[in-house]
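The block underneath contains the structure these notes are about, expressed in structure tokens.
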């Protein structure tokens, strides 16, 4: 049965959505609702456009040199260009995936009018429906929605209609006049059903979109079209002819659907059907067609030049080929040798197959049959999530307790996960800890909303922060520099961002600003700060979620991030990001196109306040509003009011005009700042006073202020930068803040108080936090009558005016910049941006008269661990215990006081451990047994788990408040497996002990443990290859472990003399014996011994495991070189080659400087304390 494929063509804003909706209501498959572009303020009933097909169409136009508002000029045959090969493959996949099983489907996209030849390579539509609408109505609709000129819009109308007519000639098509279809929907449905060959019952049951007359914003008569000089003459002519054809069709059916036959004067219609190139070109449509085409003939000459250059390169390549041929001959010989190796491997596989056959027929295979049956049952049965979680927890418990080698256990883990189809990523419940620790999953506040509220829009931070004094911060703001012109802006938000940048600089944090921009450049400068530009991207209302997400992605290497507005924290936010709310901005209905207080808008508002780790509010009103909506979000908000600089803003009465009062409106010209009521205010002030509006903003409102100035000689308009503002306030007797909406603790209001002005402010937003009515100013309703009444009162009542001037200047002291900076410094300390030393040094240099630090009491730490023997973990614990002043408790595992580097006590059962941790605030633990984790969980104390390796990470992740590890790869693993963010800290190396010597030792080996996982057998097989060449070099290992006898036996079999020594309590002394340190582990994190060797400038060779690879990448990123020589894991031959290269290279790398800067114990413990303050701030 042949498929029915319907294509709705035509021009944007021509009623194609309405037509597509009627067709979709007849049972034609346009895709699921969630696959279609949703409705908006310009089309509330929905677009009925498949997102993926429409986005692909736009990508094709962009690839060809244009977009849907300025399409490219398309040469004949453009659709076969190789430039579109990838798009063809994608289009085939999309159509097959979405509509492969549909017998009747359709799609609507105005771009298809231009791109139909491309789509016909993918499939052949059977029916075409082309809506027609008055070109003037279309152009005015485009002007309203897209801001393009009428002329441009009419050219687009002609281009789309002409292209649709040309490409559908000879095919089954139907032209539909939108005005007629919308006025008679039932008649239109019957005509569509007949055209699409749909029976009456199906068409009668169709439920298309109800047409809302209010949605048509632009209704014009045909006479208005022909009279309008901005409408392109070709558009007028084609529209006239289409109207004439429509008239003919009423009397002679099928006239319009086929081709004009009756009227020989329909020149334009015939021309676009037969020779469209005569009317579709850049000369006839200069405003709409892009002059650049990626596949135009104008580039042929450039291609010819390129071909000549490529021919020259080909000659050079031929010479290289001849040389490579010689190399290939040598490689053939190597292939012969490798073929022998393959033959040996084949024999090995035969042996393994024989062993496998023995297993399958053996007793153990029969005994495990019930378990395999159980796994199949779990896999194929619809087991509930709760039951699965219990089974998974049981399996994990058995996994941890099973007395099997790690390699075997890890293999079994993978088998179980594959058999059961259980995910490797888990989402645990909320972590325990004291009040203030973050919930892992926020509440679903929008049940039923498609996006919901359950998915956290946070990006985990897996970076390693730089030492204090070298840190970098990224700040995302909206507009320090004008998006279009690049000129500096001078508003309160810009002043705030600039002062914060200066403060961070003083705290030795390098600042880079980011903002959206339309400029064709990547960066600029604002008051000596670098400003990087981002594309504006997608938005929902005022929420720039796309810019937010882009910023978060590209600033992963910054130590700290800050979002300057809630609207710019509505996308993906880094988990440690801070945000500032400058006041409630949605307390009005002044923007016709705003989507305030809709369901989607509330979702993005919730994201903006949910995602940052902390929110700073400049007023109490914002905190109150958020608390009334989501009380749990208000808990993370902190009030820090705005500021003034007393060095610049102070009373200077000598600048005032004693003969004539001055009334100052220090506001940007913007509707919410009162510019639209300014004329009514001024007209109600009858006195001869000087009235000044100071500040430029939106162009429309700026013109309103200028018009008032032109009509009233008392009024003037002026603009000032930051440095000029103080003198304007000092000239003024009265300052007016006529805000009608969208206000925090206004900088203008505070600065006016500081300069001794009698201030009048409205009771909007955060202004009541600054002005107390009748005490330091007048607080009035936000309307012209009350504002002008207050101005007249202060003009008439000199005593009141002078009282407010005096008291206002006195109360402004509470908003001094020094206080603001001190409050911010305290907050940055709370969130780990600076340490104790940085904060105390800054406060000593910048005393604030009324500021008192809220430093919390010092937390008492305790450290718990499983074992106390020897090795890297014990070395870390020694430094943590020493610098955090924390006692160590060993919980149930091995101990050896002779080799353990720290003092400790033991707690070998729950009761003993409960007593041991009484009185401590923070528990830092390293790989504990389960019973010890249960004790910590019941204690509800803050706990930090330090994860060292993958195989020791599978503990209960609902216990720790904070997770830390040493490498990004391991933090990613924890996040993917358990759904918990995990921070990365550099290891602590005691640099006073591990000091480079003048000369290297003469041994090769390692300070390690004698377990299979450490890969000593791999080294022995590699050394067997090298022993003849480097037999003079002693091989030495220090350590302890269960597999020592195996290594000794292997060394004997390989005839290698190896000095296996016991674990040493003084590794810094043993390290001096090595000239080469080798870590061939099978599974590893980042061994402390590797860093200790590098601290002594000892060359290190290691298996290329994730932790080692990442260490090299990070050292290069930090400006150093890669220090670890990497060999393929579990490959003795490659390890031998790497060892040989290192031993023959006499050049000694100086890695100590890098280890000293980033891996000091002080930095490690300081980062731990910073992290505690950041994630548990209260």
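Expressed to the nearest 5 percent, the antiparallel share of DSSP beta bridges inside the stretch 861-984 is 0 percent. Each principal axis of the Cα cloud of the stretch 4-278 was evaluated for its coordinate range; sorted largest first, these ranges are 48, 46, 39 Å.
Where does the chain land at 222 nm, in deg cm²/dmol rounded to the nearest 500, when only DSSP H runs of n ≥ 4 count, each adding -39500 (n - 2.57), divided by all residues? For the chain, the value works out to -13000 deg cm²/dmol.
Computed over the Cα atoms of the stretch 511-602, pair by distinct pair, the Kirkwood hydrodynamic radius stands at 14.5 angstrom. Of all beta bridges that DSSP places with both ends in the chain, some 10 percent have antiparallel geometry.
The three principal axes of the Cα atoms in the stretch 914-981 give end-to-end lengths of 36, 19, 17 Å, sorted in falling order. Sorting 970-976, 1059-1065 by average packing, meaning the other beta carbons within 10 Å per residue, from highest down gives 970-976, 1059-1065.
Take the alpha-carbon positions of the stretch 861-984, form their convex hull, and give its projected area averaged over all directions (one quarter of the hull surface) in nm².
Details: hull surface 27.4 nm².
Value for the stretch 861-984: 6.9 nm².
If the stretch 1008-1140 were replaced by its equivalent ellipsoid, with semi-axes equal to the square roots of 5 times the Cα gyration tensor eigenvalues, what would those be, largest first, whole Å?
On the way: eigenvalues 108, 55, 42 Å².
Largest first, the stretch 1008-1140 gives 23, 17, 14 Å.
Across all directions, the shadow cast by the convex hull of the stretch 920-1065 built on its C-alpha atoms averages 12.1 square nanometres. Were the residues from residue 698 through residue 1140 laid out at 0.36 nm apart, the gain over their Cα-Cα distance would be 152.1 nm.
Contact order for the chain, expressed relative to its length and based on alpha carbon pairs under 8 Å spaced 6+ residues apart, stands at 7 percent.
FRET efficiency for the pair residue 1053 and residue 63, taken as 1/(1 + (r/R0)^6) with r the Cβ-Cβ distance and R0 = 56 Å, rounds to 0.30. Shape annotation for the stretch 603-671: C-alpha extents along the principal axes are 55, 30, 17 Å, from largest to smallest. For the stretch 96-154 versus the stretch 867-901, the spacing of their alpha-carbon centroids is 71 Å. In this rough spin-label picture, where each label sits 7 Å from Cα along the Cβ direction, the residue 222-residue 589 distance is 4.0 nm.
Compactness ratio of the stretch 1-81: Cα Rg over 2.2 N^0.38 Å, N = residue count?
Working: Rg = 14.6 Å, N = 81, 2.2 N^0.38 = 11.7 Å.
After normalising by residue count via 2.2 N^0.38 Å, the value is 1.25.
Just how many % of Cα pairs in the stretch 458-639 lie over 19 Å apart, if you round to the nearest whole percent?
Details: 9569 of 16471 pairs.
I get 58 percent for the Cα pairs in the stretch 458-639 exceeding 19 Å.
Label positions at residue 814 and residue 629, each projected 7 Å from the Cα along the C-beta direction, are separated by 2.7 nm. Between the beta carbons of residue 905 and residue 1157, assuming R0 = 35 Å, the FRET efficiency works out to 0.50 to the nearest 0.05. For the pair residue 931 and residue 1113, what calculated FRET efficiency results from E = 1/(1 + (r/R0)^6), where r is the Cβ-Cβ distance and R0 = 45 Å, to the nearest 0.05? The computed FRET efficiency comes out at 0.70.
When each of the peptides 9-16, 474-481, 33-40, 998-1005 is scored by the mean number of other C-beta atoms lying within 10 Å of its residues, the order from highest to lowest reads 9-16, 474-481, 998-1005, 33-40. Here the Kirkwood formula, the inverse mean of 1/r across different C-alpha pairs, assigns the chain a hydrodynamic radius of 36.4 Å.
With N denoting the number of residues in the stretch 750-826, provide Rg(C-alpha) divided by 2.2 N^0.38 Å, to two decimal places.
On the way: Rg = 13.5 Å, N = 77, 2.2 N^0.38 = 11.5 Å.
That ratio works out to 1.17.
So how tilted is helix 385-401 from the main axis of the chain? Cα-based, degrees 0 to 90, rounded to 10. That works out to roughly 20 degrees.
When the alpha-carbon atoms of the stretch 1065-1132 are used, the pair Rg, Dmax equals 11.9, 34 angstrom. Each peptide in 1133-1145, 562-574 receives the mean, over its residues, of other Cβ atoms within 10 Å, and ordering these scores from highest gives 562-574, 1133-1145. Distance between the pseudo-spin-label points of residue 240 and residue 316 (7 Å out from Cα toward the beta carbon): 6.3 nm. How far is helix 233-251 tilted, in degrees, relative to the longest principal axis of the Cα atoms in the chain, given as a value from 0 to 90 rounded to the nearest 10? With rounding to tens, the tilt is 80 degrees.
Computed on the stretch 1003-1159, with alpha-carbon pairs under 8 angstrom and 6+ residues apart, the relative contact order is 25 percent. Computed across the stretch 1-156, the Kirkwood hydrodynamic radius from all distinct Cα-Cα pairs reaches 16.3 Å. The Cα center of the stretch 1150-1178 and the Cα center of the stretch 781-828 differ in position by 45 Å. In terms of overall dimensions, the stretch 653-815 has a Cα radius of gyration and Dmax of 14.1, 40 angstrom.
Quick note: the coordinates plus some simple rules give every number you see, no bench work behind them. Values in this document were obtained by computation on a predicted structure and should not be read as measured data. Here Cβ is always computed from backbone atoms with ideal geometry, including for glycine, and neighbour counts include all displayed protein chains.
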